[in-house]
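Report on the structure given below.
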Amino acid sequence: MSIEESLLKTNFIGRDGFRWWIGQVAPEDAQGDQINGSGWGNRYKVRIMGYHPDDVTELPDNDLPWSQVLIGTTDGSGGGSRRRTIRISPGDTVYGFFLDGDNAQVPVIQGLLGRTLEVASTQYAGPFRPYTGYTSKITNDGAYIGSSESSESNAKALVMPRHVTGDIASMISEDARTAFDGIGQTIVGASTSVTSTIEKISVAVDNFVGKIQSITGGADIAGLTGVLDQRLNGAISSITSHIGDLSTGLVGSMVYDAYDKVSTLANGGLKKLYKKVKTMVYLATKSNRIAHMAGVAAQRALESPLNAMQTAMPCIANNIIGGMSNAIKGLLKGIAGSVKKFKSCIGNQFLGGMMNKIIGGISGGLGPLLGGISKIMPGGFDIGGMLREKVEGLLGQVMGASACDLPGKNPLADVTQFGIGTGPKFPNVPSPSDILNEANGDGGECSGEKDTTCNPPEVKIFGSNGYDGSAVPILGSTVGEGRSTTGSVLAVDVTNPGQKYETPPFIEIVDNCNQGYGAIARAVIDYNEESPTYQQITDIYIVSEGENYPVSDSKATPESEPPYIIDEVIVVKPGNNYDQDDVVTDGVGQKYTIQVGTGGMILSVSKINTDITSLPEVKDSEDIQISIDSSVGYGAILKAKLKPKPEYQGEVKEVIDCVT
Amino acid sequence: MAEAPNKNWQIRQYDQFSPWFTIDTGNPTMGNDGSTVYGFYGYSPYGDKNVIRMSGTGVMNIYNDQRIEMIAGQNASNPSVDIVITGKSGDVWITAEENGKIKIKGASIYLDAADDISLVAGGSILIKAENRIDLVSMIMHRAKAWLGNLAPYKGWMGKVNVGNFLKVKEPDLSKVDVGTDV
């Protein structure tokens with residue numbers, strides 16, 4: 001700069017030239033205390049292109065000038081306690097201007113250019129080469145939130161955790177993580193039903209399997225060491241105690257019922273003994289009194305062993321309960337060992353194992369005592385055999401105990417299970433016969449490969465005191481080919497409206513492989529007592545279509561799948577302020593009129609000009625989007641109801657009047 | 001695994017403060033209960049996760065790997081309502097999984113049920129009052145027990161009227177018909 005130019009400088013920004021620049025934020029080491037909580041102002045060391053050499057020996061990073069940071073108008077300066085932290089990272093490409101124009105000594109950062117997925121997050125290798133914004137104190141290994149440093153408009157730029165189970169997240173992609181490890185686990189609600197003991201144990205085992213999979217990541221437990229081994233044993237210990245507590249009532253019920261059956265047999269035996277002795281003595285003495293006394297004496301002779309059995313009952317129960325803990329732990333360790341290959345029958349197998357332990361305990365405790373009363377018990381009586389034969393009955397009694405309280409109560413009337421992240425669940429309670437089969441070793445091999453034949457999802461309807469409702473899902477938006485084709489649930493077709501639903505029942509949409517997720521449906525029932533469909537399901541509409549549901553073979557081959565059409569549009573929420581002239585349109589171009597009531601609420605929707613020769617087919621979720629063209633109406637939610645496209649019957653050639 | 005096509009990415013916005021905390025809104029990726037309207041995601045240095053989220057189907061999730069503390073009323077000037085938990089239409093479930101206990105403590109505890117109150121225990125039930133226990137009921141009955149002083153409950157409508165003290169139902173020799181005639 002010449003002396004003349006220097007003398008002519010005004011030293012006001014913009015009057016002595018305005019110089020833009022672009023540069024790169026220097027590495028962490030060069031930022032000193034500025035990024036460690038002891039900084040002054042908001043400033044960063046920046047290497048500016050065209051002003052600073054691309055050689056750190058010529059100009060070390062530490063010698064770069066500090067660049068002030070210009071703050072946006074919505075960020076706040078700190079005045080009035082309004083402010084935000086700066087989000088500039090080492091390696092960021094920033095641009096700005098010099099406050100001192102051509103002197104270029106006071107740079108200001110005005111903005112920064114976003115990073116893209118094309119830029120690798122590598123360590124600093126030299127000036128003006130892209131490198132990571134992660135530092136020694138800001139790390140992200142991608143264990144939860146995606147570690148990409150891209151901020152571009154791209155679905156992969158910031159990969160967020162998914163609200164699905166860890167299993168499904170790992171199937172979605174390598175980068176997908178579950179938002180919470182508990183998602184997919186089941187909670188059994190408080191219940192007075194003894195059935196819930198079986199239900200709680202079964203669910204606890206299922207949840208245990210999920211927890212073990214989360215801990216091991218699918219690895220063999222034999223190879224687990226350190227903290228993983230500690231977590232595994234912690235999980236086993238915790239659930240052992242939990243199931244041990246749950247089993248107390250079960251043991252008590254079974255011991256009681258076993259005693260009830262034994263005492264009934266003993267009672268019958270005593271009667272026979274009395275009759276036999278009395279008859280013999282009567283024949284010998286012809287004295288009814290002596291014969292009666294002899295009969296009673298024969299019964300009294302068994303009083304001691306019967307008393308011993310009675311006294312022993314609580315001890316037998318306590319001994320079984322005391323020994324359950326080790327048995328439960330052993331069973332759980334067995335499950336943990338084969339958790340990679342677990343199938344849905346694992347809960348039954350566990351309960352079968354518990355049954356064996358309880359039956360063994362009862363027969364082991366009662367067996368010796370029964371020797372004392374063997375003469376009044378049926379020939380060849382075997383307590384173990386009887387219990388094993390009767391276990392279904394015992395379980396049936398245990399599981400059906402609540403039925404005594406309310407005869408004929410529908411077991412699906414209430415919600416007993418809740419899935420974390422999914423909501424109320426259709427209760428999956430093992431049947432007594434399944435448990436019996438497992439207890440007797442007839443349940444087949446439970447630890448095998450998971451099901452690979454995945455069927456289309458089922459619609460499960462439960463709760464609200466109603467029953468018999470059934471429906472089938474209508475799948476669409478398919479992706480993939482052949483047997484790997486998957487789809488979303490576009491709609492639900494009610495095949496049986498059921499009855500006695502006091503409120504809309506819960507709907508669960510699940511497939512046998514649990515591979516589909518996210519389909520959420522809600523039911524609509526008729527509250528009109530005068531209506532023939534009172535307390536029946538009139539509609540089920542989809543609020544989230546979900547994805548990845550297996551489709552049927554016919555759906556995987558679209559030409560063999562019957563096409564669907566929009567049958568009608570149902571009003572989910574009537575909204576307000578709509579006008580009779582407002583027009584409703586669906587995603588396939590059909591138009592509808594609305595009938596409005598008080599306050600402009602939409603009461604019903606009717607299709608305009610239904611031409612049955614050209615009903616447009618529905619293929620994906622966009623086809624069933626319903627929009628309302630209204631200038632003042634708001635808040636209405638309308639949903640499409642689908643049905644298979646009817647076969648065209650041909651034109652009407654002649655109308656015959658059969659009345660006149 | 002195949003994700004559904006035609007997701008609405010136009011509405012997605014996010015704000016990431018660090019690997020520890022992110023706000024995500026309008027994320028169309030599908031979860032078990034639909035897409036995400038908004039989500040707050042925390043991740044601690046020890047790998048603990050925290051999520052506060054609203055799903056596209058209107059569900060709010062609050063998940064936390066460690067403890068959640070909800071304390072209110074520290075400086076309330078007079079006794080009032082500090083915390084309200086209300087289900088407007090459906091059940092309110094409180095469960096402690098595995099070995100957790102549920103402890104409710106207060107100067108007075110009211111259980112007010114329009115219908116029934118049921119107490120079920122795998123172990124024992126203890127009712128202890130330093131002053132008095134009042135049982136007011138039209139009908140009392142019991143199902144079964146080793147010991148007791150009321151008649152066995154057998155089937156629907158099994159009951160004992162007030163003032164009746166019937167034979168014990170317990171597994172003793174009374175179950176055996178000693179001296180039954182031919």
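Which of (1) under 25 Å from A:L475 (Cβ atoms); (2) buried (at least 21 other Cβ atoms within 10 Å of the Cβ) does B:T22 not meet, given it meets every other one?
The number of the failed condition is (1).
Conditions: (1) touching a residue at least 60 places away in the same chain (Cβ under 8 Å); (2) outside any loop (DSSP other than H, G, I, E, B); (3) of a type in the set (S, T, Y). A:S89 meets all but one. Number of the miss?
Condition (2) is where A:S89 drops out.
Quick one: B:S80 ticks every box in (1) more than 30 Å from A:R177 (Cα to Cα); (2) within 8 Å of chain A (Cβ to nearest Cβ); (3) among the hydroxyl-bearing types (S, T, Y) except a single one, so which number is it?
(2)
Restricting to segment B:16-36, count the residues that are more than 24 Å from A:D167 (Cβ to Cβ) and more than 7 Å from chain A (Cβ to nearest Cβ).
6
Do we find a residue being more than 10 Å from every other protein chain (Cβ to nearest Cβ) and either touching a helix residue (DSSP H, G or I) at 6+ places or on another chain (Cβ under 7 Å) or closer than 30 Å to A:K211 by Cβ (or both) anywhere in segment A:131-146?
Yes, because at least one residue in segment A:131-146 is more than 10 Å from every other protein chain (Cβ to nearest Cβ) and either touching a helix residue (DSSP H, G or I) at 6+ places or on another chain (Cβ under 7 Å) or closer than 30 Å to A:K211 by Cβ (or both).
Condition first: surrounded by fewer than 18 Cβ atoms within 10 Å (Cβ to Cβ), in contact with a helix residue (DSSP H, G or I) (Cβ under 8 Å, 6 or more places away or on another chain) and facing chain B (nearest Cβ under 9 Å). Now tell me which residues in segment A:272-308 satisfy that.
Listed by number, the residues that qualify are A:K275, A:T279, A:V296, A:E303, A:N307.
Touching a helix residue (DSSP H, G or I) at 6+ places or on another chain (Cβ under 6 Å), within 14 Å of chain B (Cβ to nearest Cβ) and not in a strand (DSSP E or B): does that describe A:T74?
Considered against the rule, which asks whether it is touching a helix residue (DSSP H, G or I) at 6+ places or on another chain (Cβ under 6 Å), within 14 Å of chain B (Cβ to nearest Cβ) and not in a strand (DSSP E or B), A:T74 comes out as no.
For A:S253, are the conditions met, namely being closer than 25 Å to A:D181 by Cα and either facing another protein chain (nearest Cβ under 10 Å) or surrounded by 20 or more Cβ atoms within 10 Å (Cβ to Cβ) (or both)?
No: the conditions fail for A:S253.
Name the residue that is farthest from A:G166 (Cα to Cα), counting only residues in segment B:37-52 that are modelled with pLDDT of 95 or more and either at the interface with chain A (Cβ under 7 Å from one of its Cβ atoms) or in contact with a Lys or Arg (Cβ under 6 Å, 6 or more places away or on another chain) (or both).
Per the stated criteria, the residue is B:G39.
Scanning segment A:116-130 for residues that are in contact (Cβ under 8 Å) with a residue 24 or more places away in the chain and among the hydroxyl-bearing types (S, T, Y), which turns out farthest from the other protein chains (Cβ to nearest Cβ)?
Among those residues, the one meeting the criterion is A:Y124.
Within segment B:1-15, restricting attention to residues that are without any contact (Cβ under 8 Å) to a residue 12 or more places away in the chain and facing chain A (nearest Cβ under 7 Å), which residue is nearest to A:E174 (Cα to Cα)?
It comes out as B:M1.
Looking at B:E3, B:E97, which is the one that is under 20 Å from A:P424 (Cα atoms), touching a strand residue (DSSP E or B) at 6+ places or on another chain (Cβ under 8 Å) and in a loop (DSSP other than H, G, I, E, B)?
B:E97 is the lone residue from the list that is under 20 Å from A:P424 (Cα atoms), touching a strand residue (DSSP E or B) at 6+ places or on another chain (Cβ under 8 Å) and in a loop (DSSP other than H, G, I, E, B).
On the given criteria, is A:S136 under 47 Å from the mean Cα position of the chain (by Cα) and under 30 Å from A:R177 (Cα atoms)?
yes
Which pairs turn up if I take residues in segment B:41-59 that are closer than 29 Å to A:R522 by Cβ and look for partners that are of a type in the set (F, W, Y) with beta carbon separation below 6 Å, at least 6 apart in sequence or on another chain?
Listed pairs, sorted by first residue: B:V51/A:F180; B:V51/B:Y41; B:V51/B:Y63; B:I52/B:F40; B:M54/B:Y38.
Filtering segment A:1-59 down to residues that are surrounded by fewer than 10 Cβ atoms within 10 Å (Cβ to Cβ) and of a type in the set (F, W, Y), which residue is modelled with the lowest pLDDT?
Going through the qualifying residues, I end up with A:F12.
Six or more apart or on different chains, Cβ under 8 Å: which pairs go from a residue in segment A:309-329 that's within 13 Å of another protein chain (Cβ to nearest Cβ) to one that's assigned to a helix (DSSP H, G or I) and polar (S, T, N, Q)? Could you list them?
Final answer for the pair search is A:I321/A:S247; A:I321/A:T248; A:M324/A:S247; A:S325/A:T240; A:S325/A:S241; A:I328/A:T240; A:I328/A:S247.
Would you pick out the residues in segment A:156-204 that are in a loop (DSSP other than H, G, I, E, B), more than 8 Å from every other protein chain (Cβ to nearest Cβ), of a type in the set (A, V, I, L, M, F, W, C) and more than 30 Å from A:D141 (Cβ to Cβ)?
Of everything in segment A:156-204, just one residue is in a loop (DSSP other than H, G, I, E, B), more than 8 Å from every other protein chain (Cβ to nearest Cβ), of a type in the set (A, V, I, L, M, F, W, C) and more than 30 Å from A:D141 (Cβ to Cβ), namely A:V194.
Restricting the search to segment A:152-178, which residues are without any contact (Cβ under 8 Å) to a residue 24 or more places away in the chain and either farther than 12 Å from B:T29 by Cβ or buried (at least 17 other Cβ atoms within 10 Å of the Cβ) (or both)?
A:S153, A:L158, A:V159, A:M160, A:P161, A:R162, A:A169, A:S170, A:I172, A:E174, A:A176, A:T178
Condition first: part of a strand (DSSP E or B) and among the polar types (S, T, N, Q). Now tell me which residues in segment A:456-515 satisfy that.
Passing the criteria: A:S470, A:S477, A:T478, A:T486, A:S488, A:T495, A:N496, A:Q499.
The values are calculated or read from the model by the stated rules, or taken from the named source; none is laboratory data. Quantities reported herein were computed from a predicted structural model and do not represent experimental measurements. Glycine also receives a Cβ, built like all others from the backbone with ideal geometry; neighbour counts cover every protein chain displayed.
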